[in-house]
Amino acid sequence: MARPGTLALACLLALAACGEDTAREDARVEAESGVVAAASDAAPGQDVVATVDDPENAVVIELEEGRVVIALAPDLAPNHVARIKELTREGFYDGVVFHRVIDGFMAQTGDPSGTGRGGSGVNIDAEFSDAPFDRGTVGMARAGSPDSADSQFFICLAPAPHLNGQYTVIGRVVEGMDHVDAIRKGAPGSGKVANPDRMLSVKVLADL
């Protein structure tokens, strides 16, 4: 027969273990609830803001509506990304308009002339990849030749799978996609914008 003191000690140990299990369970539920609550805070259709891990490979576009951050993808298109950063640091994109914006498709910029026919004068060989053209994807505009990309790029306002493998993906918007949505739209079909919005400034995030 067990002694009363031994029984009391066993009960206390059992209660303590039970309390630890309950505390761990409460913490797990609380943590999961926090994740759910954080996710539910976003409005339906709202874009999730990602974190930029490499400021050297990110650009910040200041629009009248607010800031847009693009995480570049040197792993997908090293030559295009290097050229975009070079032009950005030269101030090439400051003040350049979104000359072609098609509602539900994309917003195109990067031509200082604002006509859609200009650029920096340096073409870049294609760096096509398997990366899909989803909403927020940033791709390089080009003419008929795959190797005719220069300085112009576009931001997808919606998924555009017909572009997959046909244009070079250089990154994606990780912040401010709502500001991209607010860019003034062009004429149906052509997308030509009569009174276009412009990029006030474009900077490499590491330089800010």
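The values are calculated or read from the model by the stated rules, or taken from the named source; none is laboratory data. Bear in mind that the values here come from a model prediction, so they are computed numbers and not experimental data. No Cβ is skipped: glycine too gets one built from the backbone with ideal geometry, and neighbour counts run over all protein chains shown.
Starting from residues that are within 23 Å of the chain's Cα centre (by Cα) and either part of a loop (DSSP other than H, G, I, E, B) or at positive phi (or both), keep the ones in region 187-203 and report whichever is surrounded by the fewest Cβ atoms within 10 Å (Cβ to Cβ). Walk me through how you get there before you give the answer.
In the first step, residues of region 187-203 are kept if they are within 23 Å of the chain's Cα centre (by Cα); the result is 191, 196-203.
From the residues that got through so far, the ones that are either part of a loop (DSSP other than H, G, I, E, B) or at positive phi (or both) too are 191, 196-197, 199-200.
On the way: Gly191: 20, Pro196: 19, Asp197: 19, Met199: 19, Leu200: 13.
Checking each candidate, the answer is Leu200.
Go through Gly104, Gly116 for me and flag whichever is touching a strand residue (DSSP E or B) at 6+ places or on another chain (Cβ under 9 Å), in a loop (DSSP other than H, G, I, E, B), over 16 Å from Ser201 (Cα atoms) and not basic (Lys, Arg). If you could, list the steps in order and put the result at the bottom.
Working: Gly104 fails: touching a strand residue (DSSP E or B) at 6+ places or on another chain (Cβ under 9 Å).
Of Gly104, Gly116, the one residue that is touching a strand residue (DSSP E or B) at 6+ places or on another chain (Cβ under 9 Å), in a loop (DSSP other than H, G, I, E, B), over 16 Å from Ser201 (Cα atoms) and not basic (Lys, Arg) is Gly116.
Provide a single number: the residues in region 101-131 that are under 16 Å from Glu86 (Cα atoms), aliphatic (A, V, I, L, M) and crowded, with 17+ Cβ neighbours inside 10 Å.
Counting residues in region 101-131 that are under 16 Å from Glu86 (Cα atoms), aliphatic (A, V, I, L, M) and crowded, with 17+ Cβ neighbours inside 10 Å gives 1.
All but one of (1) within 19 Å of Val68 (Cβ to Cβ); (2) not aliphatic (A, V, I, L, M); (3) not in a loop (DSSP other than H, G, I, E, B) hold for Asp94; which doesn't?
(3)
Any chance region 120-129 includes a residue that's in contact (Cβ under 8 Å) with a residue 40 or more places away in the chain, part of a loop (DSSP other than H, G, I, E, B), farther than 17 Å from Leu76 by Cα and in the same structural domain as Leu63 (by TED's automatic domain parsing)?
No - not one qualifying residue is present in region 120-129.
Yes/no per residue for (1) within 22 Å of Pro146 (Cβ to Cβ); (2) of a type in the set (Asp, Glu); (3) out of contact with any Phe, Trp or Tyr (no Cβ under 9 Å at 6 or more places or on another chain):
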| site | (1), (2), (3) |
| --- | --- |
| Gly91 | no, no, yes |
| Val96 | no, no, yes |
| Thr109 | yes, no, no |
| Gly121 | yes, no, yes |
| Asp125 | yes, yes, yes |
